[in-house]
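The values are calculated or read from the model by the stated rules, or taken from the named source; none is laboratory data. Note that the structure is predicted; figures quoted are calculated from it, not measured. All Cβ positions, even for glycine, are placed from backbone atoms using ideal geometry, and neighbour counts span all protein chains on display. When the accessible area is computed, the model is the full protein with side chains, heavy atoms only, and any ligands, DNA or RNA have been set aside. Shrake-Rupley method; radii C 1.70, N 1.55, O 1.52, S 1.80 Å.
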Amino acid sequence: AAGVIQSPRHLIKEKRETATLKCYPIPRHDTVYWYQQGPGQDPQFLISFYEKMQSDKGSIPDRFSAQQFSDYHSELNMSSLELGDSALYFCASSLGGQWAYEQYFGPGTRLTVT
Amino acid sequence: AQSVTQLDSQVPVFEEAPVELRCNYSSSVSVYLFWYVQYPNQGLQLLLKYLSGSTLVKGINGFEAEFNKSQTSFHLRKPSVHISDTAEYFCAVSDTLGGATNKLIFGTGTLLAVQP
């Protein structure tokens, strides 16, 4: 069965650079979530989209922005990168509404900021 | 708002022994409860979920969990573990308010270390 695809899988950037992470949800899923997992920490919710509109927002820095496109894929844009942004970034997808609890996670993008 | 507490950061256990990973939650509204497993350098895989109905839920790989509303707990159990069960286990909660999306709130994780 098709799974959530994230690209790239690994990314190395320097401080103050920008990064773009991409997420391709499972076919027919119209909902995307982004989570950030710092080293040795639990995943923290960043932001979610339903039908191409932002639905909920968590502890996402103002330097980050995200959107969901017409084909339902999503991109997380990160600017002015800081060392503390080094983390594993997960995307999850689901059907929306009453099925929104059934989230399927991608393999993650490991971002290293040097 | 919801929160999740996983009381044990690490649980060492011998192969073929039983194991219980503890999870307690706090919420002012009804919740859905989940257990996810994360193998090294991999994503999160859903082990099992509690939505409603029977308080004992069975998941993949022989795991099961019991929802206890009065104790606000959702402990994960396996009667006999294997070396391959070594991984990080996360308990998570989401509300049941029925919005368009349902963010997950995770606990800090428990490392299950199975020894031969």
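Want the number for B:Thr86 to B:Ser26: 0.36 nm per residue separation, take away the alpha-carbon distance, what's left?
Full extension from B:Thr86 to B:Ser26 adds 18.9 nm.
Describe numerically, in nm with one decimal, the distance between label points set 7 Å from Cα along Cα→Cβ at B:Leu56 and at B:Phe14.
Distance between the two pseudo-spin positions: 2.7 nm.
Can you give the charge dipole size of chain A about its Cα centre, rounded to the nearest 20 debye, using +1 on the beta carbon of Lys and Arg and -1 on the beta carbon of Asp and Glu?
With only Lys, Arg, Asp and Glu charged at Cβ, the dipole is about 240 debye.
Amide H of A:Ser86 versus every other amide H placed in the peptide plane: which residues, excluding those fewer than 5 positions away on the same chain, fall under 5 Å?
A:Val113
Just checking the output field for B:39-45: average partner chain Cβ neighbours within 10 Å of each residue's Cβ?
5
Per residue of region B:32-39, in order, report the coupling 6.51 cos²θ - 1.76 cosθ + 1.60 (Karplus, θ = phi - 60°) as ³J(HN,Hα) in whole Hz, putting x for Gly and Pro.
Values per residue, Gly and Pro as x: 9, 10, 9, 10, 10, 10, 10, 7 Hz.
Would you pull out the residues with amide H under 5 Å of A:Gln68's amide H, same chain only if 5 or more places away, H placed 1.01 Å from N?
Result for A:Gln68 returns nothing.
With all pairs of different alpha carbon atoms counted, what Kirkwood hydrodynamic radius in Å does the protein assembly as shown show?
18.1
At 1.4 Å probe radius, can you tell me the per residue accessible area of the protein assembly as shown in Å²?
Averaged over the residues of the protein assembly as shown, the accessible area is 48 Å².
Calculate the FRET efficiency for A:Lys22 and B:Thr5 from the Cβ-Cβ distance with a Förster distance of 41 Å, rounded to the nearest 0.05.
Working from the Cβ atoms, E equals 0.75.
In cubic angstrom, how much convex hull volume per residue do the alpha carbon atoms of chain B span?
Convex hull volume per residue, Cα atoms: 101 Å³.
Enter the mean number of other protein chain beta carbons within 10 Å of the beta carbon of each residue in A:96-108, as an integer.
If you average over the peptide's residues, the count of other-chain Cβ atoms is 6.
Give the cross-link partners of B:Lys58 among the lysines, using a straight C-alpha distance below 16 Å as the criterion and excluding same-chain residues fewer than 8 apart.
The reachable lysines, counting only those whose Cα sits under 16 Å from B:Lys58, are B:Lys49, B:Lys78.
Once you average over the residues of A:8-14, how many Cβ atoms of partner chains fall within 10 Å of each Cβ?
For this peptide, the per-residue mean of nearby foreign Cβ atoms is 0.
Given a Förster radius of 25 Å and the C-beta distance between A:Lys52 and A:Ile5 as r, what FRET efficiency does 1/(1 + (r/R0)^6) yield to the nearest 0.05?
About 0.85, to the nearest 0.05.
Would you pull out the residues with amide H under 5 Å of B:Val11's amide H, same chain only if 5 or more places away, H placed 1.01 Å from N?
B:Leu111, B:Leu112, B:Ala113
Two decimals is fine: what is log10 I(q)/I(0) at q = 0.11, 0.12, 0.14, 0.16 Å⁻¹ for chain A, from a Debye sum with one equal scatterer on every Cα and no solvent?
Debye intensities relative to I(0), on a log10 scale: -0.31, -0.37, -0.50, -0.66.
Among A:Thr114, A:His73, A:Ala92, flag the residue with its Cα farthest along the positive direction of the charge dipole of chain A, charges on Cβ as +1 for Lys/Arg and -1 for Asp/Glu.
A:Thr114
Label points 7 Å out from Cα along the Cβ direction at A:Asp62 and B:Glu64: separation in nm?
Between A:Asp62 and B:Glu64, the label points sit 5.2 nm apart.
Any idea how far apart A:Lys15 and B:Gln45 come out in nm if each label point goes 7 Å out from Cα toward Cβ?
Modelled inter-label distance: 3.9 nm.
Which distance in Å, rounded to a whole number, links the C-alpha centroids of region A:78-114 and region B:1-80?
One Cα centre to the other: 22 Å.
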